[in-house]
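Colleague: Below is one structure. I have some questions about it.
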Amino acid sequence: MRDRALACVAAGIVLGISFPPVDLGPAALVALVPLLWAWRGATPARAALYGFLFGLAFFGVLLEWTRYFGVVAVLVAVVGEAAFIAIAGGIVAVLERRGLRTPWLIGAVWVVVEGARGRIPFGGVPWGEIGAALHDIPVARVFASLGGVTLVSFVVVVFNGLVLDAIDSVRHRTQTRLAWAGVGLSALVACTVVASVARYEPEVTGDLRFALLQGLDQNRDLTTAEIRSDFLMRHHLELAARLRGEYDLIVFPESALERDPTRFRDVRAALLAVAEAHDAVVLANARVLTARGRLSNSNLAYDPDGELQGIYAKQHLVPYGEYVPLRDLLPFIEELDRIPFDYERGTERVMFRAGGHDFGTVICYESAFAPLVRGFVRDGAELIVVTTNNRSYRRSGLSAQHLALSQMRAAETGRPVLHASISGITGVIEPDGRVHDTSELFENRITSGTVQTTTGQTPYVRFGDWALVVCGLALVAVTVLGGVRARWRTAVDSGS
């Protein structure tokens, strides 16, 4: 038991460093092998324990940036996410006891549990989907365009399982099993070749000139005096003053404004001056007072003529960051005093237009949710803008992980993504997921250029999370068939 437990911890660490900032992406293709080995022959309870230990190590590495919010935050995040891997282990062990053990089935279990983790509780936490570890691998992004990160995760888990089968077959000299492992690996290779050759290419609709303003160079909390003096707005306006010529879109990222431009005329006037000077749409983020008298985390788009195109209010709020679920039941957690009020959640997608092109925008954590970004593209977005504020996480790996998620959203939808951060990392992402013009953390910088907007629907945009649905249906089917087979065997044994 000890050897298996240690192997699971080591495997979790390896998977953790396959993500940014270490970013050894290909390591994910073998990182699960020790975990899958530990699950073989284990009781459901023991398999759940192995999965939990793996999850503690994996999420302990991946989510190390939760330390900035205290011990309680680390424990809740890491333990809560590790529990999902424990569930996966228990399910795999139950199925194995019914004679159902193949890498393909384990891949389906992993995907279904990963899908649940990205949706529950409190909207879920998609951070750490295993397929996202391959964000810099072109062929993985091709699979993402077909079936989202979900499909990439499935392929990665199956590959790990087939590698384990091949190793076991060689050790035990089981030729038949080795042959089946070879067939499986060959099938994955063939699918990879076909997917690459038949890759969907979106149609280019034109060019959009942009400028992304990254105006926070202080790796610390701002003082009360700085906040009251509009420190962030002033710094971003100073960057805007360095712009020359015309643009289609100028982006002030999340938290760039301390005050609401719909309520404070001087803030609105400053934004409109930038828009008019460059004949550009200005997209700016602010805490906006809603009709119910509460605050929303919102992006606002102003035309060069001063018209407000609309306001998009963030829909996926960060639990225990922008609102506190079950607040009344947790008065003993002092760290929650840092979140004195709950933001109001947005309820609908809002499209904006710049340079003759429609674009959608998501705010920070929302870019982790593929279905939300897909919805904007189905609504007609030719470009996605991510505005984010990652300054609370200092120089941790979170900013690089966040940019990697935007890469996968670009690949899934076939849309360029402008990833605009207040403190870094800012970057420009092409429709195939290639990223360039990235900034350093905590530097004042203008990222500008031209990006090609696109239209058309990738298979993922057209069909959505079909890979998750297929895996779910497959699990239901094999569970039913396994139950029927078990009852049939019992009946046969009783008759004999």
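The values are calculated or read from the model by the stated rules, or taken from the named source; none is laboratory data. Nothing here was measured: the structure is a model prediction, and the numbers come from that model. Every residue, glycine among them, receives a Cβ derived from its backbone with ideal geometry; neighbour counts consider all protein chains shown. The protein model used for the area step is the full one, side chains on, heavy atoms only, and it has no ligands, DNA or RNA in it. Shrake-Rupley method; radii C 1.70, N 1.55, O 1.52, S 1.80 Å.
Colleague: Determine whether region 275-287 contains at least one residue that is in contact with a strand residue (DSSP E or B) (Cβ under 9 Å, 6 or more places away or on another chain) and over 29 Å from residue 453 (Cβ atoms).
Modeller: Of the residues in region 275-287, the ones in contact with a strand residue (DSSP E or B) (Cβ under 9 Å, 6 or more places away or on another chain) are 275, 278, 280-287.
The next check asks that each one be over 29 Å from residue 453 (Cβ atoms); those that pass are 287.
Yes; the residues of region 275-287 include at least one that is in contact with a strand residue (DSSP E or B) (Cβ under 9 Å, 6 or more places away or on another chain) and over 29 Å from residue 453 (Cβ atoms).
Colleague: Is it the case that some residue within region 14-37 is more than 25 Å from residue 471 (Cα to Cα), modelled with pLDDT of 95 or more and not in a loop (DSSP other than H, G, I, E, B)?
Modeller: We begin by selecting, within region 14-37, every residue more than 25 Å from residue 471 (Cα to Cα); these are 14, 17, 20-24.
Then drop every residue that is not modelled with pLDDT of 95 or more, which leaves 14, 17, 20-24.
Checking the rest, the ones that are also not in a loop (DSSP other than H, G, I, E, B) come to 14, 17.
Yes, there is a match, as at least one residue in region 14-37 is more than 25 Å from residue 471 (Cα to Cα), modelled with pLDDT of 95 or more and not in a loop (DSSP other than H, G, I, E, B).
Colleague: In addition: Just to verify a result, which residue in region 407-456, among those that are of a type in the set (Lys, Arg) and either modelled with pLDDT under 95 or in a loop (DSSP other than H, G, I, E, B) (or both), is surrounded by the most Cβ atoms within 10 Å (Cβ to Cβ)? First the steps, then the outcome.
Modeller: So the first thing to find is which residues in region 407-456 are of a type in the set (Lys, Arg), and the list is 409, 415, 434, 445.
Those still in the list that are either modelled with pLDDT under 95 or in a loop (DSSP other than H, G, I, E, B) (or both) too: 415, 434.
Numbers: 415: 29, 434: 15.
Taking the candidates together, the pick is 415.
Colleague: Hey, another quick one. Failed condition for residue 464, given (1) within 30 Å of residue 358 (Cα to Cα); (2) modelled with pLDDT under 90; (3) not polar (S, T, N, Q), with all others met?
Modeller: It fails just one condition, (2).
Colleague: Among all residue pairs at least 6 apart or on different chains, which show Cβ distances below 7 Å where the first residue, located in region 448-459, is under 15 Å from residue 359 (Cα atoms) and the second is surrounded by fewer than 22 Cβ atoms within 10 Å (Cβ to Cβ) and among the hydroxyl-bearing types (Ser, Thr, Tyr)?
Modeller: The qualifying pairs are 453/205; 454/205; 455/205.
Colleague: In this structure, does residue 317 turn out to be in a loop (DSSP other than H, G, I, E, B), at pLDDT below 95 and buried (at least 17 other Cβ atoms within 10 Å of the Cβ)? Break it down into steps so the answer makes sense when it comes.
Modeller: Details: in a loop (DSSP other than H, G, I, E, B): yes; at pLDDT below 95: yes; buried (at least 17 other Cβ atoms within 10 Å of the Cβ): yes.
So residue 317 passes the test.
Per-residue answers, yes or no, for (1) in a helix (DSSP H, G or I); (2) touching a strand residue (DSSP E or B) at 6+ places or on another chain (Cβ under 7 Å); (3) free of Cβ contacts under 8 Å to residues at least 40 places away in the same chain; (4) not polar (S, T, N, Q):
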residue: 120; (1), (2), (3), (4): no, no, yes, yes
residue: 162; (1), (2), (3), (4): yes, no, no, yes
residue: 166; (1), (2), (3), (4): yes, no, yes, yes
residue: 183; (1), (2), (3), (4): yes, no, yes, yes
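Colleague: Something else now. State yes or no: is residue 78 open to solvent by 30 Å² or more (accessible area, probe 1.4 Å) and either assigned to a loop (DSSP other than H, G, I, E, B) or under 30 Å from residue 220 (Cβ atoms) (or both)?
Modeller: No, not satisfied.
Colleague: Hey, can you tell me all the residues within region 349-374 that are open to solvent by less than 10 Å² (accessible area, probe 1.4 Å) and part of a helix (DSSP H, G or I)?
Modeller: Those that are open to solvent by less than 10 Å² (accessible area, probe 1.4 Å) and part of a helix (DSSP H, G or I): 366, 367, 368, 373.
Colleague: Looking only at region 148-168, count every residue that is within 16 Å of residue 26 (Cβ to Cβ) and either surrounded by fewer than 22 Cβ atoms within 10 Å (Cβ to Cβ) or of a type in the set (Gly, Ala, Ser) (or both) and tell me the total. Step through it out loud before you land on a result.
Modeller: Of region 148-168, the ones within 16 Å of residue 26 (Cβ to Cβ) are 152-153, 155-160, 162-163.
Those still in the list that are either surrounded by fewer than 22 Cβ atoms within 10 Å (Cβ to Cβ) or of a type in the set (Gly, Ala, Ser) (or both) too: 153, 159, 163.
Summing the residues that are within 16 Å of residue 26 (Cβ to Cβ) and either surrounded by fewer than 22 Cβ atoms within 10 Å (Cβ to Cβ) or of a type in the set (Gly, Ala, Ser) (or both) in region 148-168 gives 3.
Colleague: Could you please let me know if residue 244 is among the charged types (D, E, K, R), open to solvent by 70 Å² or more (accessible area, probe 1.4 Å) and either modelled with pLDDT of 95 or more or within 26 Å of the chain's Cα centre (by Cα) (or both)? Can you show your working first?
Modeller: Numbers: among the charged types (D, E, K, R): yes; open to solvent by 70 Å² or more (accessible area, probe 1.4 Å): yes; either modelled with pLDDT of 95 or more or within 26 Å of the chain's Cα centre (by Cα) (or both): yes.
So residue 244 passes the test.
Colleague: Which ones in region 457-479 are open to solvent by less than 20 Å² (accessible area, probe 1.4 Å), among the β-branched types (Val, Ile, Thr) and in a helix (DSSP H, G or I)?
Modeller: Across region 457-479, the qualifying residue is only 461.
Colleague: Do you know which of the residues in region 359-379 that are over 14 Å from the mean Cα position of the chain (by Cα) and in contact (Cβ under 8 Å) with a residue 60 or more places away in the chain is farthest from residue 221 (Cα to Cα)? Talk me through it step by step, then tell me what you get.
Modeller: Step one: of region 359-379, the residues over 14 Å from the mean Cα position of the chain (by Cα) are 359-361, 375-379.
Subsequent filtering for residues that are in contact (Cβ under 8 Å) with a residue 60 or more places away in the chain retains 359, 361, 377-378.
Details: 359: 32, 361: 27, 377: 36, 378: 39 Å.
Filtering first and then ranking leaves 378.
Colleague: Name the residues in region 375-396 that are part of a strand (DSSP E or B) and under 17 Å from residue 310 (Cβ atoms), would you?
Modeller: In the first step, residues of region 375-396 are kept if they are part of a strand (DSSP E or B); the result is 384-388.
Of everything in region 375-396, those that are part of a strand (DSSP E or B) and under 17 Å from residue 310 (Cβ atoms) turn out to be 384, 385, 387.
Conditions tested, residue by residue: (1) open to solvent by 10 Å² or more (accessible area, probe 1.4 Å); (2) under 25 Å from residue 349 (Cα atoms); (3) out of contact with any Lys or Arg (no Cβ under 9 Å at 6 or more places or on another chain).
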{"position": "227", "(1), (2), (3)": "yes, no, yes"}
{"position": "248", "(1), (2), (3)": "yes, yes, no"}
{"position": "266", "(1), (2), (3)": "yes, no, no"}
{"position": "277", "(1), (2), (3)": "yes, no, yes"}
{"position": "291", "(1), (2), (3)": "yes, yes, yes"}
{"position": "299", "(1), (2), (3)": "no, yes, no"}
{"position": "305", "(1), (2), (3)": "yes, yes, yes"}
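Colleague: Cβ contacts < 6 Å: first residue closer than 19 Å to residue 152 by Cβ and open to solvent by 50 Å² or more (accessible area, probe 1.4 Å), restricted to region 1-27; second residue part of a helix (DSSP H, G or I) and modelled with pLDDT of 95 or more, any location; separation 6+ or different chain. Result?
Modeller: Within 6 Å, the pairs are 14/27; 14/31; 24/17.
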